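Written below as structure tokens is the structure these notes are about.
The values are calculated or read from the model by the stated rules, or taken from the named source; none is laboratory data. Predicted, not measured: the structure shown is a model, and the values here were computed from it. Note that we place each Cβ from the backbone using ideal geometry, even for glycine, and neighbour counts take in every protein chain shown.
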Amino acid sequence: MADDVYRVHEQIHSNTHKPRKLKHHKAGEFREVPLPRSVREEMERYEEKHGTTKEGCLLCSPSGYYTEPMERHRVQRLFRDPRRW
């Protein structure tokens, strides 16, 4: 991981929830995403404390890859039941 960018090599397909190549990129290509130092440092702390999956993922669900619908569902549950905050 560079100091100011994060290289994304693949994305999670929204229907299959499996890794796939990036849209509009050839297999093996990557996209550089700006990454503030504070975010990089937090990611490094998280990895140091929790490690990664065997595939190298930092965030994933117990049943597989982390997906946006999973996060949306979690946030909706929190707002329905504020005691969980």
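Tally up the residues in the stretch 6-33 that are within 19 Å of residue 59 (Cβ to Cβ) and not in a loop (DSSP other than H, G, I, E, B), please. Qualifying residue count, the stretch 6-33: 10. Looking for something of a type in the set (Phe, Trp, Tyr) and modelled with pLDDT under 85 - is there at least one such residue anywhere in the stretch 53-73? Yes, the conditions are met somewhere in the stretch 53-73.
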